[in-house]
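Single-structure report; data block below.
Values quoted throughout were computed directly from the atomic coordinates according to the rules given, and no laboratory measurement underlies them. This one's a predicted model, so the numbers in the text were calculated from it and none came from an experiment. Cβ atoms come from the backbone with ideal geometry, glycine included; neighbour counts cover every protein chain shown.
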Amino acid sequence: MNTPLLIDGKAAAAQVLLHVREAVARLHEHDVQPALAVILVGSDPASQVYVRNKVLRAEEVGIRSLEHHLPSDTSTAHLLDLIARLNADCAVHGVLLQLPLPAHIDELRALQAISPDKDVDGFHSENVGGLSQGRAVLAPCTPSGCLYLLKQTCGDLRGKHAVVIGRSNIVGKPMAALLLQADCSVTVLHSRTPDPQALCRQADIVIAAVGRPRMIDASWLKPGAVVIDVGINRMDDNGASRLVGDVDFDSALTRVAAITPVPGGVGPMTIAFLMKNTVTAALNQHQAQRSLSEAVCHSTY
Ligand code: GUN
């Protein structure tokens, strides 16, 4: 078999960000300054790192970022109040609520409070529903990034059998919806699936999003499969901390045609698509305003 291709998420993310930067520059020419508000409740160390990276990346591409760090004892009411103010602020185009939230906060209520137009994570039921109907909505960033890598690696996805391992709202379910939209035949495996290996071995494309370090080895994979590893698991490696995916990379390499490494695979794509969604949200909001103002100007008033 040929040497497996290592799918370079850093290079792909750089391509996406280049287009984002160009779009931001055009928006600046029209006096639109795309802005992303990021809300972090509490001090979860991993979330703090993610938020810092999102803010840094936004600045690099010319998107204004507004950070709201709230204490871990913030009430749901207080958080809803902040979201309402950000929704009403026409200088803010995207609102991202970093997950997980402290257990006492009503997560669903908070996510539903974000205006669907500003929901750059694609977690609002309006966007979730639109995605499953095949409408052009703001779609979740990680699955969008995975789809981009798959199209770049495989070209045409039509008719391919894709197996998604994991059924989270953030990755598994929207990933399945995006793959269906790309005309794949999709199977979703989860903790209650009997004999998941046997089903996975039928897949042309495997998306691993379970959050269990190195769970998927060569015995799960058909020769020539393309594997996208969404897992980012921190593991102790002889005293040193190291990131590993949900796929046993060395074992998988003996079977696959292509695979994403961890780190450097899916990770950079999530932030790139967050930036892309922020620009899309800014464009949509300003187009809506323009057509509104045109409608007002051409009306009989
Ligand atoms: N926590 C882990 N992944 C994500 C994500 O994609 N969006 C948000 N808001 N929080 C997360």
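Angle, helix 76-88 long axis vs. longest principal axis of the chain, Cα atoms, 0 to 90°, nearest 10? It is inclined by approximately 70 degrees. Converting phi to 3J(HN,Hα) with the Karplus coefficients 6.51, -1.76 and 1.60 and the offset θ = phi - 60°, region 51-56 yields 5, 4, 5, 5, 5, 4 Hz in sequence order, with x at every glycine or proline.
With contacts defined as alpha carbon pairs under 8 Å and 6 or more residues apart, what's the relative contact order of the chain in percent? Provide the component values of the computation, followed by the final result.
Values: 570 pairs, mean separation 63.0, N = 301.
It rounds to 21 percent for the chain.
Find out how many positive minus negative residues lie around L243, taking Lys and Arg as positive, Asp and Glu as negative, among other residues whose Cβ is under 13 Å from that of L243. Net local charge, L243 excluded: -1.
Out of region 109-155, which trypsin sites (Lys or Arg not before Pro) are coil in DSSP terms and have no more than 12 other C-beta atoms within 10 Å? Numbers along the way, then the final one.
Numbers: sites: R109, K118, R135, K151; in loops: R135.
The qualifying sites are R135.
Against the main long axis of the alpha-carbon atoms of the chain, helix 172-181 sits at an angle near 90°.
Once the C-beta distance of E22 and N238 is scaled by a Förster radius of 35 Å, the resulting FRET efficiency is 0.20 to the nearest 0.05. Contact order for region 172-299, expressed relative to its length and based on alpha carbon pairs under 8 Å spaced 6+ residues apart, stands at 19 percent.
Counting other beta carbons within 10 Å of each Cβ, put M275, M235 in order, fewest first. Could the numbers behind the result be given before it?
Numbers: M275 29, M235 11.
Ascending Cβ contact count within 10 Å gives the list M235, M275.
Write down, largest first, the equivalent ellipsoid semi-axes of the chain in whole Å, where each equals the square root of 5 times an eigenvalue of the alpha-carbon gyration tensor. Kindly include the intermediate steps, with their values, before the conclusion.
Numbers: eigenvalues 240, 100, 68 Å².
Working through the eigenvalues yields semi-axes of 35, 22, 18 Å.
As a length-normalised measure over Cα pairs under 8 Å and 6 or more apart, the relative contact order of region 168-243 settles at 23 percent.
Quick check on the chain: of the DSSP beta bridges with both residues there, what percent are antiparallel, nearest 5%? List each step's numbers first, then the result.
Working: 5 of 34 bridges.
Once the DSSP bridges in the chain are tallied, antiparallel ones form about 15 percent.
For the chain, the longest principal axis of the alpha carbon atoms and the long axis of helix 9-29 meet at an angle near 10°. Based on alpha-carbon centroids, what's the gap between region 206-234 and region 45-89 in Å, whole number please? Centre-to-centre (Cα) distance: 31 Å.
Placing dummy labels 7 Å off each Cα toward the beta-carbon, the span from A136 to A103 is 4.4 nm. Taking every Cα-Cα distance in region 58-198 and sorting them into 10 Å bins from zero, the calculated P(r) comes out as 10, 34, 32, 18, 6, 0 percent.
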